[in-house]
Amino acid sequence: MVGSETANGGSKNPAVKYAQFGPSSRRIRLQTLVRLRWLAVAGQTLTVMIVAFVLQFAFPLVEAAVLIAALAFANLALSAWFPPTHRLGPKSALALLGFDLLQMAALLYITGGLANPFAPLICVPVIISFASQPLRHSVALIVFALVCTTVLALSPHDLPWYEGESLRIQPVLQVAVWCSIASMMLFAAFYAYRVSHEATLLSDALAATELVLEREKHLSQLDGLAAAAAHELGTPLATISVVAKEMERELIDDERFREDVQLLRSQSERCRDILRRLTSLSADSEEHMRRLPLSSMIEEVLAPHRQFGIRIDVVERNDRATEPVGSRNAGILYGLGNLIENAVDYARSRVIVTVEHDAQRVAITIEDDGQGYSPDILSRIGEPYMTKRSKEVERAGGLGLGLFIAKTLLERSGATLRFENRGASGPGARIHIEWPRSVMEEPRPK
């Protein structure tokens, strides 16, 4: 019952079209990368100056200066050739981050390799890539980074140190440092990728939610638009009707035109009748459309799902005379409709909708007699784009964008949702939705 057609690739929901393209492409802005590189240039320059002029350690200063200048020159060239708003494609970003990694590795290589206390900084380009680029490009970069780290372990250059002293790292410690850098790189890359990926999925899912909500609001306003169109068309149609009457009087005895004029007159009258009905639609039912009793809302949600061979029972535990009457809310209608549809899809023969209300709250419980939720997915219900499922999970219902949208829309309306299995009352799943009564009830106009 958990899933919907959105999770299974159906097309009834407009959000499916959005979801079928997957998460939005992640493109890093060139200006962001340039600023990070300037920070690297400043940090490298400051470190080299302290080592060379404050600590006065002997090391290849000219080579280090050339490497830092190469990074600065590349930054200047990028700033000159591309606008600040330019976004890098995956291949371009991989090339630039690969250059940064190579420059850092070369600088570490001539200053002691893995013995250099700044060696862990070789992880930075990898972390940036996993946080902003497609997985396959990032994997290529981390493989290159591990190769560079291995080469650093073989560096013949000593760590810059006091004159007359040599600080050499034992092979065992070199291996330990390599392992620590590699493990940190892998862990940080995985963590950055997961956080960024989930943030992207959530952003796309919320955008799809807004798309669905706008569509529902648009549909609920069509009656008003029809009435407005009828009002605007009324004047030219009245003119056509008057002209048709004049033509009928003048040509009533002319056999050539009499039949055509009568047809024109009858069709203009028919158009007037249609426009009259459209004009009265908003005026006659405006209050009904704007204010919706709880029982009417439930019936409106259930009506499209009664024709699929599944029995839907409504249990009302309170008197209709005291039921709340609120404004039509497209988000609530869509969210409840999605949950009901899922219940019908995964029920064996029956769905029970229980409606309760009192002075403080309004509650709706949806139960089906299907297989219910698998224990391992109850804690993850509502995550968007959960498409990798075991067969057991598929039998219990797919988890996808449809449920995320329904849950998000209902929570935005002030509801709290609880997903569980029916337990002792029988097989199947149960969803309990509850609102404060003040949220679901609109004060009556005086």
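The values are calculated or read from the model by the stated rules, or taken from the named source; none is laboratory data. This is a predicted model, so every value here is computed, not measured. No Cβ is skipped: glycine too gets one built from the backbone with ideal geometry, and neighbour counts run over all protein chains shown. Just so you know, the surface numbers come from the protein's heavy atoms only, side chains and all, with ligands and any DNA or RNA stripped out. Shrake-Rupley method; radii C 1.70, N 1.55, O 1.52, S 1.80 Å.
Annotations for the structure displayed:
- When residues of region 180-197 are limited to those that are under 20 Å from the mean Cα position of the chain (by Cα), of a type outside the set (A, V, I, L, M) and open to solvent by less than 80 Å² (accessible area, probe 1.4 Å), the one modelled with the highest pLDDT: TYR193
- The number of residues in region 71-101 that are crowded, with 16+ Cβ neighbours inside 10 Å, in a helix (DSSP H, G or I) and among the aliphatic types (A, V, I, L, M) comes to 9.
- Qualifying position, being buried (at least 16 other Cβ atoms within 10 Å of the Cβ) and either in contact with a helix residue (DSSP H, G or I) (Cβ under 6 Å, 6 or more places away or on another chain) or at pLDDT 90 or above (or both), among VAL66, VAL48: VAL48
- Of the residues making up region 424-446, those that are of a type in the set (Val, Ile, Thr) and at pLDDT 85 or above are ILE431, ILE433.
- When residues in region 224-237 are screened for being under 11 Å from LEU275 (Cβ atoms) and either modelled with pLDDT under 70 or surrounded by 13 or more Cβ atoms within 10 Å (Cβ to Cβ) (or both), 9 of them pass.
- Filter result (touching a residue at least 60 places away in the same chain (Cβ under 8 Å), of a type in the set (S, T, N, Q) and either open to solvent by 30 Å² or more (accessible area, probe 1.4 Å) or in contact with a His (Cβ under 6 Å, 6 or more places away or on another chain) (or both)) within region 326-367: SER327, ASN329, GLN360, THR365
- Tally, over region 364-377, of residues that are among the aliphatic types (A, V, I, L, M), modelled with pLDDT of 90 or more and in contact with a Lys or Arg (Cβ under 9 Å, 6 or more places away or on another chain): 1
- GLY113 passes every criterion in (1) at pLDDT 90 or above; (2) buried (at least 21 other Cβ atoms within 10 Å of the Cβ); (3) under 26 Å from TYR193 (Cβ atoms); (4) small (Gly, Ala, Ser) apart from (3).
- Selection status of VAL34, open to solvent by less than 20 Å² (accessible area, probe 1.4 Å), at pLDDT 90 or above and of a type in the set (Val, Ile, Thr): yes
- Scan of region 319-350 for residues that are modelled with pLDDT under 85, more than 27 Å from the chain's Cα centre (by Cα) and not in a helix (DSSP H, G or I), ordered by number: ASP319, GLY326, SER327
- Residue match in region 251-273 (condition: modelled with pLDDT of 85 or more, of a type outside the set (Lys, Arg) and either open to solvent by 30 Å² or more (accessible area, probe 1.4 Å) or under 30 Å from ARG412 (Cα atoms) (or both)): no
- Answer from SER129, SER79 - the residue that is touching a His at 6+ places or on another chain (Cβ under 9 Å) and within 17 Å of VAL34 (Cα to Cα): SER129
- So SER132, is it of a type in the set (Gly, Ala, Ser) and within 28 Å of the chain's Cα centre (by Cα): yes
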